[in-house]
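Participant: Sharing a structure with you now.
The values are calculated or read from the model by the stated rules, or taken from the named source; none is laboratory data. Being a predicted model, the structure only gives us computed values, none of them experimental. In this analysis, Cβ positions are derived from the backbone assuming ideal geometry, glycine residues included, and neighbour counts consider all displayed protein chains.
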Amino acid sequence: MDILIIGSGRIGSKVIRTLEIDKVNITVIDKKHSALAQVSGKRVETILGNGMDVELLSTLNIEKFDYCMSLTESDKTNILTCTALKKLGAKYTIARVNSTESIDELFLLKESLGIDYIVNPQLETSRMIRTIIEEELEYQSDSFANGRIEVVGHKITSGSDFEEEKIKNIGSLTTVLVAAIARDKELIIPDGNTVIKAGNYLYLIGLKKDIINFKNTYFKFRKKEKEKNIAIIGGNGISKETAKRIKDANIKLIVKDDNKLKDLRSELPDVFIIKKTLIGADFFTEEEIENADIFIALTENDELNIVLSLMAKKVGVEKVIARVDELNYSKILDELNFSTLNPMNITSNKIIKKVRKGKGVSIHLMFGGEAEVSEIKLSDLSKVIGLSLEEIDLPKGILIGGIVRDNETVVVPRGKTKFEKGDTLVVFCKNENKRELMKFINPEENRGLLSDLFLYE
């Protein structure tokens, strides 16, 4: 597969880092040397230049690319570039569009503009929030295999049934896998003899029904209410789109700016919108916040969102969701007692799933910024087909947490589980082992087991 990516910023670099594990050839165009230096690799060709330069694009044989995507921060650049790419023979174009103004009209006109697929961070994030609320998700998780496999986190408190027990001796963990443990600021890959300690944060992979059973045992779930009281903090595009999409709820949208207040009241006539200073202990004494069932912090300030969310939990709000844009807090986010969303990661995953035909990566759990979970198709020519998990030697830092069979059945593998033709694997991999994984996958480098293990379409 050949892919052209214009713009290697936050979204572009995430897409590149994920897809470079696949056996694909990626060409990247960016105006900045520093941005290109961050994504260079053996299968990544970097070109310093302007993605809107038709003369430059004409030299690239655009027809050979399976996907051409413009992911810069400029909507104008992305739209016009996709138009030019389509006229040069692009098979499939993807445009990042940041603004939600006239987005409905843009979706209607996208074909005439030469755009096959549009991704909008504000829309994707608001849709994710709606899903969390409507599906009554009471814990933070990442889903794979069309929602049938989940990866979740679980904090071990002092006095827990798990404390000072070996993993192999804990009956509650027989139906799920412990992929990793966050302990003393370190992410470790455990085995059956690993002893669980108070303060550990476990990352569990399992079938959705088994994860739900586990959570039902150790968490108190709320009864589903007919109508919820929801407080949304922030007057930006994500806040507006979220307020528009949530149904059957009493929504209070809280902003700090008079102009935002006026604009949003005209755009959202059915939403109760108030102006309020977003700092100070008395922020949570107001009835509309104190009585909220769900608190959603969506300002453009990460620190403010985290602090407000911690305070919301402190005053007893059961469900809290916070927007966190930067990755500086990845070491602590998973262990906070509320859901966090990163619009750039959500948008990147949307693109990755489009290219990988539905196979995505983890976007909610950060693993302390040290690992990722991804879905990868097993090659029909793989030498491991017919072998069991215990018969293969996986590289260090890699764990196969789930298998989706060709007939769509899903299993959590154990030692005796055999690989079959057509399998799709849910793979946990530490970042420090990605290069090792790529060497195994890449037939040109140190050919090993994993070079034949995966199929990249």
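Participant: Can you list residue pairs whose Cβ atoms sit under 9 Å apart, with the first residue in segment 54-67 being in the same structural domain as LYS86 (by TED's automatic domain parsing) and hydroxyl-bearing (Ser, Thr, Tyr) and the second being in a helix (DSSP H, G or I) and at pLDDT below 95? Count only pairs 6 or more apart in sequence or on different chains.
Facilitator: Here the result reads TYR67/ILE351; TYR67/LYS354; TYR67/VAL355, each pair linking segment 54-67 to a residue that is in a helix (DSSP H, G or I) and at pLDDT below 95.
Participant: Looking only at segment 10-39, which residues are under 24 Å from ASP325 (Cα atoms) and in a loop (DSSP other than H, G, I, E, B)?
Facilitator: GLU20, LYS31, LYS32
Participant: Take the residues in segment 76-97 that are surrounded by fewer than 18 Cβ atoms within 10 Å (Cβ to Cβ) and in contact with a helix residue (DSSP H, G or I) (Cβ under 8 Å, 6 or more places away or on another chain); name whichever of them is nearest to LEU4 (Cα to Cα).
Facilitator: Within segment 76-97, the match that is nearest to LEU4 (Cα to Cα) is LYS91.
Participant: When the residues of segment 84-111 are filtered to those that are of a type in the set (S, T, N, Q) and part of a loop (DSSP other than H, G, I, E, B), which remaining residue is modelled with the highest pLDDT?
Facilitator: Filtering segment 84-111 down to residues of a type in the set (S, T, N, Q) leaves 93, 98-100, 102.
Retained after the next criterion (residues that are part of a loop (DSSP other than H, G, I, E, B)): 98-100, 102.
Working: ASN98: 89, SER99: 86, THR100: 79, SER102: 74.
Ranking the candidates gives ASN98 first.
Participant: Cβ contacts < 6 Å: first residue farther than 19 Å from ASP210 by Cα, restricted to segment 386-408; second residue exposed (fewer than 13 other Cβ atoms within 10 Å of the Cβ), any location; separation 6+ or different chain. Result?
Facilitator: SER388/LYS416; LEU389/GLY415; GLU390/GLY415
Participant: Conditions: (1) more than 22 Å from GLU134 (Cα to Cα); (2) modelled with pLDDT of 80 or more. LYS185 meets all but one. Number of the miss?
Facilitator: The number of the failed condition is (2).
Participant: Taking the stated definitions as given, is VAL384 under 25 Å from LEU204 (Cβ atoms) and at pLDDT 85 or above?
Facilitator: No: the conditions fail for VAL384.
Participant: Of these, LYS262, LYS208, which one is of a type outside the set (Gly, Ala, Ser), more than 22 Å from the chain's Cα centre (by Cα) and either surrounded by fewer than 17 Cβ atoms within 10 Å (Cβ to Cβ) or not assigned by TED's automatic domain parsing to the domain that holds VAL427 (or both)? Talk me through it step by step, then tell me what you get.
Facilitator: Working: LYS208 fails: more than 22 Å from the chain's Cα centre (by Cα).
The conditions single out LYS262.
Participant: Okay, moving on. I'd like to verify a number: residues in segment 155-201 that are of a type outside the set (A, V, I, L, M, F, W, C) and more than 25 Å from GLU432 (Cβ to Cβ), how many?
Facilitator: Number of matching residues: 15.
Participant: Something else about it: Name the residues in segment 5-43 that are small (Gly, Ala, Ser) and crowded, with 20+ Cβ neighbours inside 10 Å, would you?
Facilitator: Matches in segment 5-43: GLY7, SER8, GLY12, SER13.
Participant: Quick one: is SER70 among the hydroxyl-bearing types (Ser, Thr, Tyr), crowded, with 24+ Cβ neighbours inside 10 Å and under 24 Å from SER102 (Cα atoms)?
Facilitator: Numbers: among the hydroxyl-bearing types (Ser, Thr, Tyr): yes; crowded, with 24+ Cβ neighbours inside 10 Å: yes; under 24 Å from SER102 (Cα atoms): yes.
It is true that SER70 is among the hydroxyl-bearing types (Ser, Thr, Tyr), crowded, with 24+ Cβ neighbours inside 10 Å and under 24 Å from SER102 (Cα atoms).
Here's the yes/no breakdown for (1) of a type outside the set (Asp, Glu); (2) modelled with pLDDT of 90 or more; (3) more than 22 Å from ASN98 (Cβ to Cβ); (4) crowded, with 20+ Cβ neighbours inside 10 Å:
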{"site": "LEU278", "(1), (2), (3), (4)": "yes, no, yes, no"}
{"site": "LEU298", "(1), (2), (3), (4)": "yes, yes, no, yes"}
{"site": "ALA312", "(1), (2), (3), (4)": "yes, no, yes, yes"}
{"site": "ARG323", "(1), (2), (3), (4)": "yes, yes, no, yes"}
{"site": "ASN349", "(1), (2), (3), (4)": "yes, no, no, yes"}
{"site": "GLY358", "(1), (2), (3), (4)": "yes, no, yes, no"}
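Participant: Within segment 128-147, does at least one residue satisfy the condition of being more than 22 Å from ILE321 (Cα to Cα) and touching a residue at least 40 places away in the same chain (Cβ under 8 Å)?
Facilitator: Yes.
For every residue, the table says whether it meets (1) outside any helix (DSSP H, G or I); (2) charged (D, E, K, R); (3) surrounded by fewer than 18 Cβ atoms within 10 Å (Cβ to Cβ).
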| position | (1), (2), (3) |
| --- | --- |
| GLU163 | yes, yes, yes |
| SER172 | no, no, yes |
| ALA179 | yes, no, no |
| LEU187 | yes, no, no |
| PRO190 | yes, no, no |
| ASN193 | yes, no, yes |
| GLY199 | yes, no, yes |
| TYR203 | yes, no, no |
| PHE214 | no, no, no |
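Participant: Answer yes or no as to whether ASP53 is surrounded by fewer than 21 Cβ atoms within 10 Å (Cβ to Cβ) and either on the phi > 0 side of the Ramachandran plot or not hydrophobic (A, V, I, L, M, F, W, C) (or both). Steps first, please.
Facilitator: Details: surrounded by fewer than 21 Cβ atoms within 10 Å (Cβ to Cβ): yes; either on the phi > 0 side of the Ramachandran plot or not hydrophobic (A, V, I, L, M, F, W, C) (or both): yes.
When the stated conditions are applied, ASP53 passes them.
Participant: Exactly one condition in (1) in a helix (DSSP H, G or I); (2) over 21 Å from SER239 (Cα atoms); (3) free of Cβ contacts under 8 Å to residues at least 60 places away in the same chain is false for THR81; which is it?
Facilitator: For THR81, the failing item is (3).
Participant: Take ASP116 and decide whether it is in contact with a His (Cβ under 8 Å, 6 or more places away or on another chain), touching a residue at least 12 places away in the same chain (Cβ under 8 Å) and acidic (Asp, Glu). Break it down stepwise before answering.
Facilitator: On the way: in contact with a His (Cβ under 8 Å, 6 or more places away or on another chain): no; touching a residue at least 12 places away in the same chain (Cβ under 8 Å): yes; acidic (Asp, Glu): yes.
So ASP116 fails the test.
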